[in-house]
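Remarks on the structure that follows.
The values are calculated or read from the model by the stated rules, or taken from the named source; none is laboratory data. Just so you know, these numbers come straight off a predicted model, no measurement behind them. Note that each Cβ is placed from the backbone with ideal geometry, even for glycine, and that neighbours are counted across all protein chains shown.
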Amino acid sequence: MDINSIARPEIVAMKPYQSARNSAAADGILLNANEAPFSLVDDPDWQRLCLNRYPSPQPVLLRSRLAEIYAVDESNLLLTRGSDEGIDLLTRVFCRPYKDAIIECTPCFGMYRIAATIQAAQVIDVPRQAKNGFQIDFLKLQRAIEAQPYVRLVFLTSPNNPSGDLISRVQLEAVLKVCEGKALVVMDEAYIEFCTATSASELINQWPQLVVLRTLSKAWAAAGVRCGAVIADAAVIELLQRVIAPYPLAATTVDAALLAISGDAISRQQQFMEMVRQGKTAMVEFLSKQEWVREIWQGEANFILLRVADAVDVVNWCADNGIQIRDFSSQPQLEGCVRLTIGSTDELHALRLALQAYGERA
Ligand SMILES: Cc1ncc(COP(=O)(O)O)c(C=O)c1O
């Protein structure tokens, strides 16, 4: 499949910007980027990170460490400011304004629609089936892709946010087949580490139209670092690189990201996953005994979606007790729904106490 044939022609034709760090060596005497020769801050971290200099556009060590963790080739990985930037870049590269479309399957992560709207791309919704654990209706999805010649991106999320359900390999490959020659399938795997499913990135050599999004924000406990990765065919990566800002990752981000995926963090990650599993099981057990809870979707990620008698009331009650949970009740199919993140044991204890009191009050 020729990826360039579905990308915006302006992006394919454009001669990409060559930054100082891209077009010359980054050592020796650097007089090619109008930087200051030293920093004005007397701080060891500023000196160590050379914050007076522009950072590497795609830092080699971080890129290779993440490629190793995700078991892909470095040429198939682009470092981004979180998955949010990956979504934005894909939309800008592949959707012609007022012409092309994306497909999303709601309820899902809200940024697909936002990125498309900013790009003036059409948003086609193939709603998930609430009655069926919010599974995607794959027959309807296939028909929607076939019916619309200008679909360029199909966003799939596994585990999905906010319902937590997974997309199987068979389902993914069926969508990839339908998209052959016309669209990219974006598998957003922001939460995949929380479940036992394997990443779709092992399929990228087989399917050039497959894009996988990964992030350090969730299971790597580093949302504040703002680091994610787009994993795709090298031709897709090359196109995204034309559009990404010249220096997307601050030196401080790179430093923090390397720490976030260091050996120490890797050994703690298993404990964290176990804490989430246990916390979720206990919370589901507690919630299932509350008479104001109508439905629970425990899903495969670090959150629980539930339908309650009065979502706004529960959210406000929690807020009054200093606990923020997320109100989804105004979204289609999510009437009465709230989502709560599995926090620490102490945080969940506080939440249980607040919800217990809520039940007794109601
Ligand atoms: C499904 C999904 N994708 C992407 C993101 C964005 O993650 P990042 O912090 O990597 O930008 C989120 C954030 O909540 C998410 O839920």
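Some values worked out for this structure:
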quantity	calculated
Long-range neighbours under 7 Å by Cβ, at least six apart or interchain, first residue assigned by TED's automatic domain parsing to the domain that holds PRO97 and in contact (Cβ under 8 Å) with a residue 24 or more places away in the chain within the range 109-129, second aromatic (Phe, Trp, Tyr) and within 15 Å of the ligand (Cβ to nearest atom)	TYR112/PHE155; ARG128/PHE134
Any hit, the range 261-271, residues being part of a loop (DSSP other than H, G, I, E, B) and either within 16 Å of the ligand (Cβ to nearest atom) or touching a strand residue (DSSP E or B) at 6+ places or on another chain (Cβ under 6 Å) (or both)	yes
Residue satisfying condition, being within 24 Å of the chain's Cα centre (by Cα) and farther than 29 Å from ILE87 by Cα, within set GLN271, GLN298	GLN271
Filter result (part of a loop (DSSP other than H, G, I, E, B) and in contact with a strand residue (DSSP E or B) (Cβ under 9 Å, 6 or more places away or on another chain)) within the range 334-357	LEU334, GLU335, GLY336, ILE342
Residue check, LEU49 surrounded by 19 or more Cβ atoms within 10 Å (Cβ to Cβ) and within 23 Å of ALA223 (Cα to Cα)	no
Top-ranked residue of the range 202-228 - restricted to ones that are in a helix (DSSP H, G or I) and out of contact with any Asp or Glu (no Cβ under 8 Å at 6 or more places or on another chain), ranked as nearest to the ligand (Cβ to nearest atom)	ALA223
Hits in the range 285-315 - residues which are part of a helix (DSSP H, G or I) and either crowded, with 17+ Cβ neighbours inside 10 Å or in contact with a His (Cβ under 9 Å, 6 or more places away or on another chain) (or both)	LEU287, ALA311, VAL314, VAL315
Leading residue by the ranking (nearest to the ligand (Cβ to nearest atom)) among those in the range 90-122 that are more than 25 Å from GLN333 (Cα to Cα) and of a type in the set (Ser, Thr, Tyr)	THR91
Wholly enclosed helices (runs of 4 or more DSSP H) of the range 1-52 bearing at least 1 residues of a type in the set (Gly, Ala, Ser)	9-13, 20-23
Output for the range 90-116, where each listed residue is touching a strand residue (DSSP E or B) at 6+ places or on another chain (Cβ under 7 Å) and part of a helix (DSSP H, G or I)	LEU90, THR91, PHE94, TYR112, ARG113, ALA116
Among the candidates ASP125, ASP84, residue that is within 13 Å of the ligand (Cβ to nearest atom) and either among the β-branched types (Val, Ile, Thr) or at pLDDT 95 or above (or both)	ASP84
